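Data block below; observations after.
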């Protein structure tokens, strides 16, 4: 990251384990105007990782994509009811539905593997499987979960943008489309710009250009030196038969 020269950073980490890392990258100048930060959907709970002003400021302009949740289905309603019963008065976690479905899917997948290979082989890690042996299509608290041939979830995805301490929905990518639909808020990058940043550090020439002030001064100085040298050569050629032209007095004058 520190040596590639790219300004687009993809962070694959949980926000709770990223506080110190992002603080270090910000100190190194990699968080701020001109940079782009793309994070996993776990960053929907980024505000729960820390409540410091420094953390909130560092998250400005971060982007993540998340499935468009069906929060009104039976499983979502049951999940919220259980949460309110267990933790009355506490806000339901933003990442709660997705996390619930992830744990449910993993647990069910492990049970399937035990049925197929036996408990002892699973504990000894002496078995093989692929994603489709582990995860099946089901309806969870976040909505219907189906996978394509690559193991990616097939669902409408929303691109979310953290700005001014709030998460904004910026684009929608429908499952049957390759085009983004613009939602209520423009995408803001770190620094507040809505213009798409370049993906690399701009080149800085080590030499002055003619159009700059420094280039003009350097050019004038160079032309002056070349004029003196050219004039001296012409003078010496014209007076090449005069002995005094070769004396140290003339050369010192020139």
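Quick one: Cα convex hull volume of the chain, Å³ per residue?
On the way: hull volume 71.5 nm³, N = 254.
Convex hull volume per residue, Cα atoms: 281 Å³.
Once you have the alpha carbon radius of gyration of the range 1-152, what is it after dividing by 2.2 N^0.38 Å, with N set to its residue count?
Working: Rg = 19.2 Å, N = 152, 2.2 N^0.38 = 14.8 Å.
That works out to 1.29 for the range 1-152.
Comparing mean-square fluctuations of 142, 128, 193 from a GNM of the chain with C-alpha springs under 10 Å, the top value falls on 128.
Taking the beta-carbon count within 10 Å as an exposure proxy, list 60, 108, 27 from fewest neighbours to most.
Working: 60 20, 108 14, 27 9.
Lowest count first: 27, 108, 60.
Computed over the chain with a Gaussian network model linking Cα atoms closer than 10 Å, the most mobile of 187, 110, 173 is 110.
Gain in length, residue 57 to residue 81, computed as 0.36 nm per residue apart minus the alpha-carbon separation, to one decimal in nm?
Numbers: separation 24, 0.36 × 24 = 8.64 nm, distance 3.37 nm.
Working it through step by step, the gained length comes to 5.3 nm.
Regarding the range 49-104, what whole-number volume in Å³ per residue does the convex hull of its Cα atoms give? Before the final figure, lay out the partial values.
Working: hull volume 6.6 nm³, N = 56.
That works out to 118 Å³ per residue.
Once the Cα atoms are used to define both axes, helix 213-238 deviates from the longest principal axis of the chain by about 30 degrees.
Residues considered: 220, 33, 24. Largest GNM mean-square fluctuation over the chain, using C-alpha springs under 10 Å, is found at 220. Taking 0.36 nm per residue of separation and subtracting the current Cα-Cα distance, fully stretching the chain between residue 91 and residue 228 would add 41.2 nm. Whole-percent P(r), the range 113-154, all Cα pairs, 10 Å bins from 0: 25, 39, 30, 6. Here the calculated FRET efficiency for residue 104 and residue 173, from their Cβ-Cβ distance with R0 = 22 Å, stands at 0.35, rounded to the nearest 0.05.
Summarising the label geometry, the points placed 7 Å from Cα in the beta-carbon direction at residue 121 and residue 185 lie 5.0 nm from one another. Could you tell me how many degrees, from 0 to 90 and to the nearest 10, lie between the Cα long axis of helix 74-86 and the main elongation axis, the longest principal axis, of the Cα atoms of the chain? Tilt of helix 74-86: around 90 degrees. Quarter the surface of the alpha carbon convex hull of the range 69-155 and you get the mean projected area, 6.9 square nanometres.
Go ahead and run the numbers for FRET between residue 68 and residue 217, Cβ-Cβ distance against an R0 of 41 Å, rounding to 0.05. It would help to have the intermediate numbers written out before the result.
Details: r = 59 Å, r/R0 = 1.45.
E(calc), rounded to 0.05, equals 0.10.
Coordinate-derived values only; no laboratory data. Here the structure is a predicted model, which means the values were calculated and not measured. Quick reminder, even Gly has a Cβ in these numbers, built from the backbone with ideal geometry, and neighbours come from all protein chains shown.
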